[in-house]
Amino acid sequence: MAYRLERDESVIAGLKRVVQDEIESAGTHLSGDKKAGDKKAGDKKATRDEAIHEARKSIKKVRALLRLVSAELGGAYPRENARLRDIAGRLSEFRDAFALIATFDDLKKKYKDRAGNKLHSVRAGLSRKRSQAGSEEDVGIVLDRAAAALGRAAKRVKAWPLQTDGFPAIGPGLEETYRAGRKALARARKDPRPENFHELRKRVKDHWYHMRLLEGLWTDMMSAYEKSLKDLETWLGNDHNLAVLRERIVAEPAFYGKEKDIDLILDLMDRYQKELRDRSLSLAKRVYDERPREFTRRMTHLWDTWRQEPKPLEEPSTAA
């Protein structure tokens, strides 16, 4: 089923269902790429990278949901969150090498008039770094262990100590996440360092996932709000990828290319990051315009209206 709560199920049952679905999806992606044994080496790597990407997305969704009900989970929250964070951390090295190449390619495409046929040395350096991430056997071992750890995590979900049901089960978490986003936005505006923009991105991502859980509540206005969150998360994600790429290149400029190519790529990154941050701050200001309590009151009203709506009529049977 989809990553959303359904009107005909309890909130507790819905949350556990979503978590188990996402954990199982992550495990399937990590174990499934090995089935493509007859593919060429390049295709295998692409399949592996995509599998890791999808698994990490599912883990992020689960961790966002954990934060939503952290007060209810009590001591189980830090344990489960740490376990999932560790699994994601084992996968990040392989994923980052792939993501940085994609970031470079997108940047070059955006500034094709300036980049032209240049920057080959930088692309070659990124490809070499990706090849150093680990052999296929090493990566396979990591994926197997991560998949096994996710399997154990899925089994523990049934024992989660969730007691509160209905909107009170998620209302406090929604408000706290929203408030954390406002605070992260204030820090990024006051001190625009990469780590502050990355923190804002993480809080936006949590909020976006929480809004997706409540997809059934959507009015046209709320659908537009969810789209704004998706755009904001994408822009901040691109900014973070550029920050990581810059950090890698500046740390080992000789490894990543010729001096003139390094100067050009750094200049292009500066230009794009300024654009992304200006757009992100402008949109984030609108996203977090409400006060946290006002936001929670509005969501409570939407929830109550949704839960009280009559079920749609079943289509009459056309059988003879």
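Numerical summary
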| read-out | value |
| --- | --- |
| Net charge contributed by nearby residues that have their C-beta within less than 10 Å of residue 183 (K/R +1, D/E -1) | +3 |
| Separation of the residue 187 and residue 79 label points, Cα + 7 Å toward Cβ, nm | 2.9 nm |
| Diffusion coefficient, µm² s⁻¹, Stokes-Einstein with Kirkwood Rh over alpha-carbon pairs of the stretch 175-316 at 37 °C and 0.692 mPa s | 191 µm²/s |
| FRET efficiency, 1/(1 + (r/R0)^6) with R0 30 Å, evaluated for residue 2 and residue 159 via beta carbons | 0.80 |
| Under the Debye formula (equal points on every Cα, no solvent term), log10 I(q)/I(0) of the stretch 143-224 at q = 0.16, 0.19, 0.21 Å⁻¹ | -0.89, -1.00, -1.02 |
| Helix-only [θ]222 nm of the chain, DSSP H runs n ≥ 4, -39500 (n - 2.57) each, per residue, nearest 500 | -26500 deg cm²/dmol |
| Cross-link pairs 60/258; 109/230; 109/227; 61/112; 158/285 - those with Cα-Cα distance over 27 Å | 60/258; 61/112; 158/285 |
| Proximal charge balance of residue 78 [Cβ under 13 Å; K/R count +1, D/E count -1] | +3 |
| Net charge of Cβ neighbours under 10 Å - reference residue 279; Lys, Arg +1; Asp, Glu -1 | -2 |
| Estimated FRET transfer efficiency (residue 293, residue 224; beta-carbon r; R0 25 Å; 0.05) | 0.65 |
| The chain - percent of accessible surface contributed by carbon and sulfur, probe 1.4 Å | 50 percent |
| Label-to-label distance, nm, for residues given as residue 275 and residue 112 (7 Å Cα→Cβ offset) | 1.4 nm |
| Long-range HN-HN contacts of residue 166 with modeled amide H, under 5 Å | 11, 12 |
| Hz values of 3J(HN,Hα) by residue in the stretch 23-30 - Karplus curve (6.51, -1.76, 1.60), Gly and Pro given as x | 5, 5, 5, 4, x, 5, 5, 6 |
| Cα centroid separation, the stretch 96-131 to the stretch 172-236 (Å) | 29 Å |
| Length gained when the stretch residue 250-residue 13 is fully extended (0.36 nm per residue, less Cα-Cα span) | 80.5 nm |
| Distance histogram for the stretch 94-186 (every C-alpha pair counted, 5 angstrom bins, percent rounded to whole numbers) | 2, 10, 10, 9, 9, 11, 13, 14, 11, 6, 3, 1, 0 |
| The chain: angle of helix 120-131 to the longest principal axis, Cα-based, in degrees nearest 10 | 60 degrees |
| Relative contact order, percent, the chain [alpha-carbon distance under 8 Å, six or more residues apart] | 25 percent |
| From phi via Karplus (6.51, -1.76, 1.60), per-residue ³J(HN,Hα) for the stretch 276-292 in Hz, x at Gly/Pro | 5, 6, 4, 5, 5, 5, 5, 6, 4, 4, 6, 4, 9, 6, 6, 6, x |
| Entries in 183/205; 57/129; 110/183 that, when Cα-Cα distance is taken, lie over 21 Å | 57/129; 110/183 |
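The values are calculated or read from the model by the stated rules, or taken from the named source; none is laboratory data. The shown structure was predicted, so the numbers you read here are calculated from the model rather than taken from an experiment. Every residue, glycine as well, gets a Cβ built from its backbone with ideal geometry; the counts of neighbours run over all protein chains shown. SASA here: full protein model, heavy atoms, side chains in, ligands and nucleic acids out. Shrake-Rupley method; radii C 1.70, N 1.55, O 1.52, S 1.80 Å.
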